[in-house]
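Chemist: The structure follows.
The values are calculated or read from the model by the stated rules, or taken from the named source; none is laboratory data. Bear in mind the structure is a predicted one, so any value in this text is a computation, not a measurement. All Cβ positions, even for glycine, are placed from backbone atoms using ideal geometry, and neighbour counts span all protein chains on display. Note: accessible area is taken over every heavy atom of the protein model, side chains too, but ligands, DNA and RNA are not part of it. Shrake-Rupley method; radii C 1.70, N 1.55, O 1.52, S 1.80 Å.
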Amino acid sequence: MTRPGSDAAYITGWRLTAYTINGRAVPVSGDVNKLDIYVPSGYTCPERASLPNYQSCQQYTADLQQRTDVQPANGLPISGLGINFAGGLVSTVKANLADASSSIDIEFFGQSSNGAPVSVKATGISSQGYKAGD
């Protein structure tokens, strides 16, 4: 979600910047994975509840005056994105017959509704794979 008063953003891609399995660094290619997600701006307005999640509050009236009833607020959470990093641990658990863990750093990028570049980094995303039974 976006911060209060921030612009909307189109997230157009992501890439891994670091990947560690069972404490061992795995080389990452830095390849860009495509993505197409709209993150609404961090504003609220009286009609917010009736707007779709991908649509933001209009900040200006038809005669280009700033609306006084549009205020900075926390952006709405997006839905529809699922990147399954834990699924990649299944083969490691099977091969070693032992639990496995991973840590991933990822970068999302795109552009704001004003055309400025956007880059968001998330670090230390942890996943676990457990061996169940014999």
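Chemist: Taking the Cβ of Ser127 as the center, what net charge do the other residues with Cβ under 14 Å away carry, scoring Lys and Arg +1 and Asp and Glu -1?
Modeler: Taking every other residue near Ser127 into account, the sum is -2.
Chemist: Give, as a single signed number, the net charge of other residues whose beta carbon lies under 9 Å from the beta carbon of Val93, with Lys and Arg counted +1 and Asp and Glu -1.
Modeler: Neighbour charge sum, excluding Val93 itself: +1.
Chemist: Of Ile83, Ile37, Ile106, which has the largest mean-square fluctuation in a 10 Å C-alpha GNM of the chain?
Modeler: The residue with the greatest mean-square fluctuation here is Ile83.
Chemist: Leaving ligands, DNA and RNA out of it, work out the accessible area of Ile104 with a 1.4 Å probe and give it in Å² to the nearest 10.
Modeler: Roughly 0 Å² of Ile104 is accessible to a 1.4 Å probe.
Chemist: Pulled fully out, how much extra length does the chain show between Ser119 and Ser101, if you take 0.36 nm times their separation in residues and subtract their Cα-Cα distance?
Modeler: 3.8 nm
Chemist: What are the radius of gyration and Dmax of the chain, computed over its Cα atoms and given in Å?
Modeler: Rg, Dmax (Cα atoms, Å): 19.8, 71.
Chemist: Which value, in Å², gives the accessible area per residue of segment 29-122 when a 1.4 Å probe is used on the protein heavy atoms?
Modeler: Numbers: 5930 Å² over 94 residues.
Accessible area per residue: 63 Å².
Chemist: Mind running the shape call on segment 71-117? Use the C-alpha gyration tensor, a ≥ b ≥ c as the square roots of the eigenvalues: rounded below 1.5 for a/c, prolate if a/b tops b/c, oblate otherwise.
Modeler: Note, shape of segment 71-117 comes out prolate.
Chemist: For the chain, set up a GNM with springs between Cα atoms under 10 Å and report which of Leu76, Leu35, Leu97 has the largest fluctuation.
Modeler: Of Leu76, Leu35, Leu97, the most mobile in the Gaussian network model is Leu97.
Chemist: Okay, moving on. Enumerate the residues in segment 1-34 having an amide nitrogen under 20 Å from the point lying 7 Å beyond the Cα of Cys45 toward its Cβ.
Modeler: 1-10
Chemist: Roughly what percent of Cα-Cα pairs across segment 90-134 reach past 13 Å? Before the final figure, lay out the partial values.
Modeler: Numbers: 655 of 990 pairs.
In whole percent, the long-distance tail amounts to 66.
Chemist: Right, next: Hey, in the GNM for the chain with a 10 angstrom Cα cutoff, which one of Thr61, Thr44, Thr17 fluctuates hardest?
Modeler: Ranking Thr61, Thr44, Thr17 by mean-square fluctuation puts Thr61 first.
Chemist: Can you pull the percent of the chain's accessible area that's carbon plus sulfur, 1.4 Å probe, other chains left in place?
Modeler: 52 percent
Chemist: I would also like to ask the following. Taking the alpha-carbon centroid of each part, what is the distance from segment 24-88 to segment 100-134 in angstrom?
Modeler: First find each Cα centre; the distance between them is then 17 Å.
Chemist: Expected output is a single nm value to one decimal: the length gained when fully extending between Thr20 and Tyr54, i.e. 0.36 nm times separation in residues minus the C-alpha distance. What is it? Display every interim value, and only then the final one.
Modeler: On the way: separation 34, 0.36 × 34 = 12.24 nm, distance 3.39 nm.
Length gained, Thr20 through Tyr54: 8.8 nm.
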